[in-house]
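The structure appears below as structure tokens.
A short reminder: the numbers here are calculations on the coordinates, not readings from a lab. Treat the numbers as computed from the prediction; the structure is a model and nothing was measured. Reconstructed Cβ throughout: ideal geometry from the backbone, glycine too, with neighbour counts over all protein chains shown.
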2 protein chains.
Amino acid sequence: MSKPSNPQGTRDFGPAVMRKRNYILNTIKTVFQKYGFEPLETPAMEKLETLTGKYGDEGDKLLYKIRSNKSLQQEINEEVGKKVSDLLGDRWVPGDSKLGLRYDLTVPFARFVVQHRNDITFPFRRYQIQQVWRGDRPQKGRFREFTQCDADVIGSKSMVNEADLVLIYKEVFENLGLADAVLKINHRKFLEALVEELKLDFPVTKFTTSLDKLDKIGIEGVTKELVALGVNENQVSQLFAIINQAELTSENLNRFLSAFNNNDSAKQAYANLSQIVGLVEHSRGDLKIELDLSLARGLDYYTGCIFEALVPNSGIGSISGGGRYDDLTGVFGLKDVSGVGISFGIDRIYEILEERSLWPEDIQNNHCVLLCHFSEANQQFAMKMASTLRDKGVACIVYPDQKKIGKQFDFANKASMTHAIVIGDDEMESGQIALKNLTTGVQDKHSIEELVAILS
Amino acid sequence: MSKPSNPQGTRDFGPAVMRKRNYILNTIKTVFQKYGFEPLETPAMEKLETLTGKYGDEGDKLLYKIRSNKSLQQEINEEVGKKVSDLLGDRWVPGDSKLGLRYDLTVPFARFVVQHRNDITFPFRRYQIQQVWRGDRPQKGRFREFTQCDADVIGSKSMVNEADLVLIYKEVFENLGLADAVLKINHRKFLEALVEELKLDFPVTKFTTSLDKLDKIGIEGVTKELVALGVNENQVSQLFAIINQAELTSENLNRFLSAFNNNDSAKQAYANLSQIVGLVEHSRGDLKIELDLSLARGLDYYTGCIFEALVPNSGIGSISGGGRYDDLTGVFGLKDVSGVGISFGIDRIYEILEERSLWPEDIQNNHCVLLCHFSEANQQFAMKMASTLRDKGVACIVYPDQKKIGKQFDFANKASMTHAIVIGDDEMESGQIALKNLTTGVQDKHSIEELVAILS
């Protein structure tokens, strides 16, 4: 058979990459936990009825559908099965297609909340770090299987939740060494106010879809799209007079509000954002947030504040997004449960840290000591010593085979280990054990107690 | 729409269950790491050609096949698609079925090793903790989506690897409070020797499949099956005279070997097991391993030592299994790469710990402090204080809404929190903050510095 490989758009993560991914995930997870978010995991497989219709037509097309071989044959009568099989040949895999792979973590979370609503204590803060699948065309930085890293609070309309998410953003970025990351904020009600004030006669979502492309197609492109939708050029220039980025401060908020002629929707946005400014200022004074009225976020279900984070000059778009949704669970029959959440894009953060070499200094080290030896008797002594080291929490391996000492060092180097212990007859007799620092090449002798102290 | 639910055979893991699952997984992971195993993750989706034919006919039937909507329409011409759709209606989901969900972690690991053989440093020790999927009939303790927890060493034939796995077993069980767990060991060559010495004229795998049922159908049942295969009753009683459990010691190994008339296969098994006994004794003297010649393990690919662990009187079968395979990668075109591995069954371990209440004392506690308040001004003060606490690593939440203090305590209790801080105007003025221990009900006052010290 040909050389085996993983499917297109998927990845294997070997030890070196796993160490880096775990560093990012643990950094985020630690911050989530400090803000009282608790872990949740849902199955990769969801019923198709849970998934379909939640991500728009385009999303539905990207869903992976699952078939099992069993219930299938039972479901389709033999004659029909035979006819289909004749038509399709090898391409025919009978089976039930009542299952699909998770497309994001938000819809399964909403499903979980509705299903378990009587057992959940609201407001419920959960974080969820799991894989999602999308049958998209694979391209640079876009995968068919990737990890999402979400935090949501559901069951509270208080802006304290938004404020906490803002603080989480800042803390995560600082801890990852990305202090220059920019957090952008907007409010769907500002966007509604724009539609109202510009007297556009189409729904806000149509407008935001266009506005969302500002980064990619520029003012000219958006103007063209809006004009095609029937907006006159005068209105568009009014729009761009209002939309301009500014720091989120009480002063700038007032300025925006007056630009909207005290429109009611704009007042709601103003009230929410002012409260967030106040709460965040009470927590820490040094936070800079960018108020960006062009920020739209494509997703239909956002109804309040929306967030987006990016790292300027990284050549990479948004690394996190989120917002408030007033009726995410409505689609599953539970009305009026408001929530707010954010999601980090691990792969993009990984790329930026890689590009900027922002990893912790020893991230490439395998913190495991190799016990080398010259003979079977030495190896048996090494097994005893490994046991002592492990009891003290030192990770180690006894080189399993009988090979030349050079080969054993080679292995340790290639496996990114930083220290090797060398056990010969001398060492066994004297109890003074050779320790080689594989980075500096320096080798010296120590008692076992000293080794434990050095290595643990 | 009807109340949403997760698919049959899958599970949601809420915070309380996640804490317990993470406790088990972290316990195992910590031990794996101490023995030099490094993390690996492979995609949930594998090419069908990677998966099929690896788990026997029964396994193939249990594979979940994945279809995406896109490449499908391209693949099937419209006319055929139309005809099929007419025949199947809703049940027709066109798509490529070239992908399947991972059935275990061993085959993807073998695929990874072959694919990346030039980048891997052998012997390669990896651990992998990921979900697997099987389209089995769901029943008590058997799921369609579940977690496997594997450690394998590949690229070394040394019994040091087996010895390390034995030590890992013992350490994991001790750390989980399951000191009475029994580790059983056998060797495929002993089973081959049995087939040879009893002059059975069928392959060893047929024999082991039958022997594997000893626990379930007893001596009588196995006798019946073997007789049906053409073994005479005399041979069967010879078999059961040899097969009896004994502690793995040099003495018992000698006794077994002589029962086999120095059969060559038996000698190989003897040599391997003697070496393991020696190595393990050099590491720690107090290990008890049960040598069980009836232990077969169903999987065809084992060729050397086989392991199985169980907890007596738990009413639950094996909680871990493993063994040596000499040619796992051969199926992917890489010959002669020997490996050995073990796999822990998280769900079964969970059940036993639950049944015996063996969880750490505070596992049900949510280590997050609730900051309660009486007014918006108090809440703003709480935001500032939360920031101080979080800076010191204390997880906390400011109760987001304006509700009666009793409601706020209710929330903390239901969310399994152990402490609440109460902020009123008095507290803001004096700087002496009320701390309520929610377990004992005791409330006293402290400075913020004292609170940090108590809570961190």
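How many percent of DSSP beta bridges within region B:312-398 run antiparallel, rounded to 5? Antiparallel bridges make up about 65 percent of those DSSP assigns within region B:312-398. Projection of the Cα convex hull of chain B, averaged over all directions and equal to a quarter of that hull's surface, yields 31.2 nm².
Of the listed peptides B:56-67, A:357-368, B:273-284, B:101-112, what is their order by residue-averaged count of other C-beta atoms within 10 Å, with the highest listed first?
The densest-packed peptide leads the list: B:101-112, B:273-284, B:56-67, A:357-368.
Summarising the label geometry, the points placed 7 Å from Cα in the beta-carbon direction at residue B:237 and residue A:49 lie 6.2 nm from one another.
Within a Cβ distance under 12 Å of residue B:275, other residues only, what is the Lys/Arg minus Asp/Glu net charge? Taking every other residue near residue B:275 into account, the sum is -2. Taking amide H as placed 1.01 Å from N in the peptide plane, the amide H of residue B:181 sits under 5 Å from none that are at least 5 places away or on another chain. Remark: region A:428-441, residue by residue, has Karplus-estimated 3J(HN,Hα) of 4, 6, 8, x, 9, 9, 6, 10, 10, 7, 6, 7, 8, x Hz, where x stands for each Gly or Pro and the curve is 6.51 cos²θ - 1.76 cosθ + 1.60 at θ = phi - 60°. Is the protein assembly as shown rounded, prolate or oblate when judged by the Cα gyration tensor, a ≥ b ≥ c being the square roots of its eigenvalues, rounded requiring a/c under 1.5 and prolate requiring a/b larger than b/c? The shape class here is prolate. Here the 3J(HN,Hα) profile of region A:40-57, calculated from phi with Karplus coefficients 6.51, -1.76 and 1.60 at θ = phi - 60°, is 9, 10, 10, x, 5, 8, 10, 4, 4, 5, 6, 8, 6, x, 9, 10, x, 4 Hz, Gly and Pro shown as x. Think of chain B as having a plus end and a minus end, set by charges on the Cβ of Lys, Arg, Asp and Glu; of B:123, B:229, B:9, B:9 sits farthest toward the positive end of this dipole. If you filter region B:174-265 for trypsin sites (Lys or Arg not before Pro), then keep DSSP loop positions with at most 12 other Cβ within 10 Å, what is left? Answer in residue order: B:199.
Phi-derived couplings, Karplus 6.51 cos²θ - 1.76 cosθ + 1.60 at θ = phi - 60°, listed residue by residue for region B:345-357: x, 4, 5, 6, 4, 4, 4, 5, 4, 5, 4, 9, 6 Hz, with x used for Gly and Pro. Distance from the C-alpha centroid of region A:224-300 to that of region B:187-258: 78 Å, rounded to the whole angstrom. For the residues of B:383-389, the average number of beta carbons from a partner chain within 10 Å of their own beta carbon is 5.
The packing ranking, built from the mean of other Cβ atoms within 10 Å per residue, places the peptides B:141-150, B:404-413 in the order B:141-150, B:404-413, highest first.
Peptide A:12-21 shows a mean partner chain C-beta count of 5 within 10 Å per residue C-beta. A Cβ-based charge dipole, computed about the Cα centre of region A:347-456 with Lys and Arg at +1 and Asp and Glu at -1, lands at about 180 debye.
What value, in deg cm²/dmol to 500, does the helix sum -39500 (n - 2.57) over DSSP H runs of n ≥ 4 give at 222 nm once divided by the residues of chain B? All intermediate terms of the calculation are to be shown ahead of the outcome.
Numbers: 18 runs with 200 residues, N = 456.
One gets -13500 deg cm²/dmol as the mean residue ellipticity at 222 nm.
Remark: mean inter-chain Cβ contacts per residue of B:397-408 equal 4, using a 10 Å Cβ-Cβ cutoff to other protein chain atoms.
In a shell of Cβ-Cβ distance under 12 Å around residue B:452, excluding residue B:452 itself, what net charge do Lys and Arg (+1) and Asp and Glu (-1) give?
For residues surrounding residue B:452, the net value is -1.
Here is the link list: A:82/B:61; B:184/B:213; A:3/A:403. Which ones come out longer than 25 Å on Cα distance? All intermediate terms of the calculation are to be shown ahead of the outcome.
Working: A:82/B:61 18 Å; B:184/B:213 15 Å; A:3/A:403 30 Å.
A:3/A:403, as the Cα separations exceed 25 Å there.
Modelled this way, with points 7 Å down the Cα-to-C-beta line, the labels at residue B:454 and residue A:179 are 3.5 nm from one another.
Can you figure out the FRET efficiency of residue B:357 with residue A:247, using R₀ = 45 Å and their beta-carbon distance, to the nearest 0.05?
Numbers: r = 55 Å, r/R0 = 1.22.
My answer for the efficiency is 0.25.
The residue list A:43, A:366, A:148 was ranked by how far each Cα lies along the charge dipole of chain A toward its positive end, using unit charges on Cβ atoms, and A:43 comes out on top.
Net charge of the neighbourhood of residue A:51, taken over other residues with C-beta under 13 Å away and scored Lys/Arg +1, Asp/Glu -1, is +4. Dipole size of region A:219-324 about its Cα centre, with +1 on Lys/Arg Cβ and -1 on Asp/Glu Cβ: approximately 180 debye, rounded to the nearest 20. With R₀ fixed at 25 Å, the C-beta to C-beta distance from residue B:426 to residue B:401 puts the FRET efficiency at about 0.70. The residue list B:66, A:280, B:437 was ranked by how far each Cα lies along the charge dipole of the protein assembly as shown toward its positive end, using unit charges on Cβ atoms, and B:66 comes out on top.
DSSP assigns beta bridges within chain B; of those with both partners inside it, close to 80 percent run antiparallel.
The label point for residue A:444 and the one for residue B:227, both projected 7 Å from the Cα toward the Cβ, are 7.5 nm apart.
Taking the Cα centre of chain B as the origin, how large is its charge dipole in debye, to the nearest 20, when only Lys and Arg (+1) and Asp and Glu (-1) carry charge on their Cβ atoms? The partial results should precede the final answer.
Numbers: 55 positive and 63 negative charges, 168 e Å.
Around 800 debye, computed over chain B.
For chain B, relative contact order (Cα pairs under 8 Å, six or more residues apart, normalised by length) works out to 14 percent. By the rule of a C-alpha distance below 17 Å, with chain neighbours fewer than 8 residues away ignored, the lysines paired with residue B:34 are A:384, A:392, B:170.
Taking packing as the residue-averaged number of other Cβ atoms within 10 angstrom, the listed peptides B:159-167, A:31-39 run from highest to lowest as B:159-167, A:31-39.
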